[in-house]
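The values are calculated or read from the model by the stated rules, or taken from the named source; none is laboratory data. Since we're looking at a predicted model, the values are computed, not measured. When we count neighbours, we look across all protein chains shown, and the Cβ atoms used for this are built from the backbone with ideal geometry, even at glycine. Each accessible area value is taken on the protein alone, full model and side chains, heavy atoms only, with ligands, DNA and RNA left out. Shrake-Rupley method; radii C 1.70, N 1.55, O 1.52, S 1.80 Å.
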There are 2 protein chains.
Amino acid sequence: MQRYFINENQINNDIITITNEDVHHIKTVMRMRLDDKIIAVMDNKLFQCQLINIGSVVEAKIIEEISENNELSVNVTIAQGLVRREKTEEVIRRITELGASNYIPVDMKRSVVKVKEGKVDRWNKIIKEASEQSHRNRLMNVSDVINLKELIKEKPKYDLCLFAHVDQNKNPIEGYLNEFLGKNILILVGPEGGFDPTEVKLLLNNGFFMVSLGNLILRTETAPLYIMSIINNKFGE
Amino acid sequence: MQRYFINENQINNDIITITNEDVHHIKTVMRMRLDDKIIAVMDNKLFQCQLINIGSVVEAKIIEEISENNELSVNVTIAQGLVRREKTEEVIRRITELGASNYIPVDMKRSVVKVKEGKVDRWNKIIKEASEQSHRNRLMNVSDVINLKELIKEKPKYDLCLFAHVDQNKNPIEGYLNEFLGKNILILVGPEGGFDPTEVKLLLNNGFFMVSLGNLILRTETAPLYIMSIINNKFGE
């Protein structure tokens, strides 16, 4: 059943009011009719609803709350050195599908781009669409751009902090995941140019573990999908 | 070290002649000079070479054969219902990076596109670039478009044939991979609209096993990346 993420302002007693692009989606893409059913998702709660008014806004009446949890059993934060716009959007879309909880763009030494204002809105639109399509219970959060030192200061929030770096000393991510008993994982991926040696040193000195992602050299936009696929497979069912 | 895939016509004794786009890459992108080193890859063999002539073609002298194997220990064939051009290219690029051996586009009931002539050249260009970038030893093969019955006839070539289908009866791909002792795996992914019920029946009746890829619903272009990430992680090091 098609699902739509809503916020609390859209609920009034047992009536949900749907506005903006979702109206277009319901009327034109899905071609729904009165009495058709949808799932409205808010704060990890799922409500099965029936359409009772299809006009410039759509109104739906809540039939019942349903229990269905498709989320992973761990919260995964993917942090990534700033990369080009299309790549960022691609990564955000795919890791949303694969169940990530947070995405943090990090301004790093070898990042060749800077994010301009307003991108977060665009990213949130991609996340909403991908979450509805993949049947998630929660929306992934995207944070503002921070730098590496600011990221390192966030370390206490996580049970495990890893960074994926191509290096002779291969230490597969698998090992850390197999032994993981906590809830919150942070994994940092470099920008196109990779990590600067001073950044590697800083991370190692602050309790981040360096992991490899196999023998083949993955592009920076492929690495988060690889990580999330493995974690989804391990913590998803 | 930068690698370039070559064919046997480009080797004459210990001299390799590089032509076409690779010349542009060596001269303009990499800005290489005489005596700089490259790796030439042919038929799973790697040769370290030194540039001895940089003109309208580039000539390189073989210094030594080197042993380095980044390939997975299994041969993975990804078959996929025909999808839109950009998605096909994206999938081909990423599964090449992740170590797939073959890609078979399959004309299925719910495929909304048909592949026109000449696309295979474009795909092979993408594969060569992705293979050089990810340090593969072999080029992935792309086959011509076939239909589902033709694919099923190829079953004897494989030790295990799976298809990834969203279904109530969840049977994680993990289980099959953990017990896999063979060499050649075929995994079929549906087109955007998924499998037609008659196709599911046909596959099941012909010894294909139905597997799930986690609780979340993955897009058809994400599914091959998920599968290849898990296999790369399991059979890559």
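A few comments on the model shown:
- For segment A:144-237, the helices (runs of 4 or more DSSP H) that sit wholly inside it and include 1 or more residues that are open to solvent by 10 Å² or more (accessible area, probe 1.4 Å) and closer than 27 Å to residue A:122 by Cβ are A:148-153.
- In segment B:40-52, the residues that are open to solvent by less than 20 Å² (accessible area, probe 1.4 Å) and in contact (Cβ under 8 Å) with a residue 60 or more places away in the chain: B:41, B:46
- Scanning segment B:154-197 for residues that are closer than 16 Å to residue B:102 by Cα and of a type in the set (Lys, Arg) gives B:155, B:157, B:183.
- Residue B:27 meets the conditions (1) outside any strand (DSSP E or B); (2) open to solvent by less than 60 Å² (accessible area, probe 1.4 Å) in every case but one. The failed one is (2).
- Residues of segment A:131-163 satisfying the condition of being of a type in the set (A, V, I, L, M, F, W, C) and in contact with a Ser or Thr (Cβ under 7 Å, 6 or more places away or on another chain): A:139, A:140
- Residues in segment A:134-143 that are more than 14 Å from every other protein chain (Cβ to nearest Cβ) and either open to solvent by 50 Å² or more (accessible area, probe 1.4 Å) or out of contact with any strand residue (DSSP E or B) (no Cβ under 8 Å at 6 or more places or on another chain) (or both): A:141 only.
- Taking first residues from segment A:170-182 that are more than 10 Å from chain B (Cβ to nearest Cβ) and closer than 16 Å to residue B:232 by Cβ and partners that are among the hydroxyl-bearing types (Ser, Thr, Tyr) and assigned to a helix (DSSP H, G or I), no Cβ contact under 9 Å between residues at least 6 apart in sequence or on separate chains turns up.
- Pairs with Cβ under 6 Å, 6+ apart, first in segment A:224-237 and more than 7 Å from chain B (Cβ to nearest Cβ), second assigned to a helix (DSSP H, G or I) and open to solvent by less than 10 Å² (accessible area, probe 1.4 Å): A:224/A:91; A:224/A:95; A:228/A:95; A:234/A:177
- Residue match in segment A:79-86 (condition: more than 14 Å from chain B (Cβ to nearest Cβ), of a type in the set (S, T, N, Q) and in contact with a helix residue (DSSP H, G or I) (Cβ under 7 Å, 6 or more places away or on another chain)): yes
Conditions (1) under 30 Å from residue A:25 (Cα atoms); (2) in contact with a strand residue (DSSP E or B) (Cβ under 7 Å, 6 or more places away or on another chain); (3) at pLDDT below 95, marked per residue:
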site	(1), (2), (3)
A:152	no, no, no
A:157	no, yes, no
A:185	no, yes, no
A:188	no, yes, no
A:193	no, no, yes
A:199	no, no, no
A:217	no, no, yes
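- The residue of segment B:53-85 that is surrounded by the most Cβ atoms within 10 Å (Cβ to Cβ), among those that are of a type in the set (Lys, Arg) and within 23 Å of the chain's Cα centre (by Cα), is B:84.
- Boolean, residue A:85 is within 30 Å of residue A:163 (Cβ to Cβ) and of a type in the set (D, E, K, R): yes
- Residues (within 14 Å of chain B (Cβ to nearest Cβ) and without any contact (Cβ under 8 Å) to a residue 60 or more places away in the chain) located in segment A:102-133: A:126, A:127, A:129, A:130, A:133
- All positions within segment B:1-24 that are among the hydroxyl-bearing types (Ser, Thr, Tyr) and open to solvent by less than 30 Å² (accessible area, probe 1.4 Å): B:4
- Boolean, residue B:37 is surrounded by fewer than 20 Cβ atoms within 10 Å (Cβ to Cβ), charged (D, E, K, R), farther than 23 Å from residue B:231 by Cα and modelled with pLDDT of 95 or more: yes
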